[in-house]
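The values are calculated or read from the model by the stated rules, or taken from the named source; none is laboratory data. Being a predicted model, the structure only gives us computed values, none of them experimental. We place every Cβ from the backbone using ideal geometry, glycine too, and count neighbours over all the protein chains shown. SASA here: full protein model, heavy atoms, side chains in, ligands and nucleic acids out. Shrake-Rupley method; radii C 1.70, N 1.55, O 1.52, S 1.80 Å.
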Amino acid sequence: MAPARARLLACLTALTMMAAAVSWVAAGGGRITDQVDILWGPTQLINGSDGDQTIGLSLDRVMGSGFRSKSSYLFARIDIDIKLVAGNSAGTVTTVYLISEGQWKIHDEIDLEFLGNVTGEPYTLHTNIFANGSGGREVQYRLWFDPTQDFHTYSIIWNSEQILILVDNMAIRQFKNHWDAGVPFPVYQPMRLNGVLWDADDWATQGGRVKTDWSQAPFTAYFRNYRASGCQPSGVAWECGQDPSGGDWFDGGAAGLDDVRQQQQLREAQERYTIYDYCTDSARFPDGGFPKECGLP
């Protein structure tokens, strides 16, 4: 048994007095409505000839729209394919995020927010992590492709060791568990995946300088091929399974990536695609007062 797996199962065993027992669940592909509930707003459900389904979330002047996974997870690998709003998407935000369902002041959350832009200008991928109600861990990226022309895969790997965010199976962000050093990390609250398209023109595009052009509405983003592998509230024991795509999400790696390759990808993302990192924002944290995790390996 890998060390990370052993630590994770030990952690889950310790939590049996605090939460329901879990068993492993894996879901993927096919009918997305078997795995998520459409919660609100204008949506489309597109049935493919091969039985696959695509959800189109839309935004108009009245309201946005959203869905939520039927299952919640305490540690998981989540993958979903997204095709973002095309054309003038300024002011819109397409979001997928994991969030706990407990009290807001102690909630956990892992965010991927795609900030729209005027036609011809690139999207920004805005990521953030909340643990025990504490957020402010923003890192932003410029994607190296046009995310409106085709579907791309966005992934979250969350285990007891780290949170890893991937784009098309390329690792771009890693947030390690430094709980023992006093850094909050989501370890005990199950989370659900949510997908939402909403208007945030007060901040989303160029700091809010560019507003939503409602003459372009409705705006639509498309989601398909939701896959989840993790620990799901269920029966009488904590049991968590392998990543069906190949790797071992317990050990944090993306499928087919060893640790060396993963670290190479993280460095490439930092050097080529990162446009903001809270850990280097000296104006926000003057006099070297950066969050503790910024100085940890």
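Descriptive notes on the structure:
- Where a residue in region 61-83 is without any contact (Cβ under 8 Å) to a residue 24 or more places away in the chain and farther than 12 Å from GLN35 by Cα and its partner, wherever it lies, is open to solvent by 10 Å² or more (accessible area, probe 1.4 Å) and of a type outside the set (Ser, Thr, Tyr), with Cβ under 8 Å and at least six apart: MET63/TRP40; MET63/GLY41; MET63/PRO42
- Residue among ASP150, ASP111 that alone is surrounded by fewer than 22 Cβ atoms within 10 Å (Cβ to Cβ), in a loop (DSSP other than H, G, I, E, B) and either of a type in the set (Asp, Glu) or modelled with pLDDT under 95 (or both): ASP150
- Only residues that are surrounded by fewer than 15 Cβ atoms within 10 Å (Cβ to Cβ) and part of a loop (DSSP other than H, G, I, E, B) were counted across region 93-108, and they come to 3.
- Checklist (1) open to solvent by 30 Å² or more (accessible area, probe 1.4 Å); (2) modelled with pLDDT under 95; (3) touching a Lys or Arg at 6+ places or on another chain (Cβ under 6 Å) applied to SER72, failing item: (1)
- All positions within region 249-297 that are buried (at least 17 other Cβ atoms within 10 Å of the Cβ) and modelled with pLDDT under 90: TRP249, PHE250, ASP251, GLY252, GLY253, ALA254, ALA255, LEU257
- Count - residues of region 178-212 that are farther than 23 Å from PHE67 by Cα and of a type in the set (A, V, I, L, M): 4
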